[in-house]
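Here's the structure, in structure tokens; my notes come after.
The values are calculated or read from the model by the stated rules, or taken from the named source; none is laboratory data. Keep in mind it's a predicted model, so treat the numbers as computed, not measured. Here the Cβ positions follow ideal geometry from the backbone for every residue, glycine too, while neighbour counts run over all protein chains shown.
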Amino acid sequence: MKMLRWMSCVTRSDRICNSYIRGSVGVRDVGVKLQECRLRWYGHVMRRPREYFGRRCMDMAVLGARSRGRPRKRWLDVVKSDMRANGLTGKDVKDRAKWRKLSRKADPGNGRD
């Protein structure tokens, strides 16, 4: 935000909302961009053949007991919640055009707002 404020010639004392500055510059929130990158990588790995090392690691199940308490958040859990938020399913991965259309939200100029 500091860089965006500097680009817009706006200071903190002007008391302008961050969302307004992001919209005027044409930049989305960092969290949305991270969500897009996670979904893009997940789609890339899932379209690879089953023998691909990354695909085998995603399908791997670790044996043993988990520690007590609330389980730690895993990368795949976050990807699944991102997929639910964007209305994607596991079957959509194979259709690359549909996957890209539904997972790309971070670029305001792409017409998919």
Contacts under 8 angstrom Cβ, first residue in the stretch 29-57 being within 19 Å of ASP77 (Cβ to Cβ) and modelled with pLDDT under 90, partner assigned to a helix (DSSP H, G or I) and not aromatic (Phe, Trp, Tyr), 6 or more apart: GLY54/VAL45; ARG55/VAL45; ARG55/MET46
Extreme residue, farthest from the chain's Cα centre (by Cα), among residues of the stretch 1-54 that are surrounded by fewer than 13 Cβ atoms within 10 Å (Cβ to Cβ), assigned to a helix (DSSP H, G or I) and basic (Lys, Arg): ARG12
Residues satisfying the stated conditions in the stretch 88-110, i.e. modelled with pLDDT of 85 or more and not basic (Lys, Arg): LEU88, THR89, GLY90, ASP92, VAL93, ASP95, ALA97, TRP99
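Working carefully through the options VAL25, VAL79, find the one that is at pLDDT below 90 and of a type in the set (A, V, I, L, M).
On the way: VAL79 fails: at pLDDT below 90.
It is VAL25.
I'd like the full set of residues that are within 16 Å of the chain's Cα centre (by Cα) and either closer than 24 Å to ASP29 by Cβ or not small (Gly, Ala, Ser) (or both), limited to the stretch 82-91. Before the answer, list the steps.
Filtering the stretch 82-91 for residues within 16 Å of the chain's Cα centre (by Cα) gives 82-90.
The answer is ASP82, MET83, ARG84, ALA85, ASN86, GLY87, LEU88, THR89.
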Qualifying residue in the stretch 65-75 (condition: in a helix (DSSP H, G or I) and closer than 20 Å to SER103 by Cα): yes
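Considering only the stretch 55-64, state which residues are within 30 Å of LEU102 (Cα to Cα), exposed (fewer than 10 other Cβ atoms within 10 Å of the Cβ) and not small (Gly, Ala, Ser). Spell out how you get there, then give the answer.
Just the residues of the stretch 55-64 that are within 30 Å of LEU102 (Cα to Cα), to begin with: 55-61.
When the remaining residues are screened for being exposed (fewer than 10 other Cβ atoms within 10 Å of the Cβ), the result is 57, 59-61.
Those that are within 30 Å of LEU102 (Cα to Cα), exposed (fewer than 10 other Cβ atoms within 10 Å of the Cβ) and not small (Gly, Ala, Ser): CYS57, ASP59, MET60.
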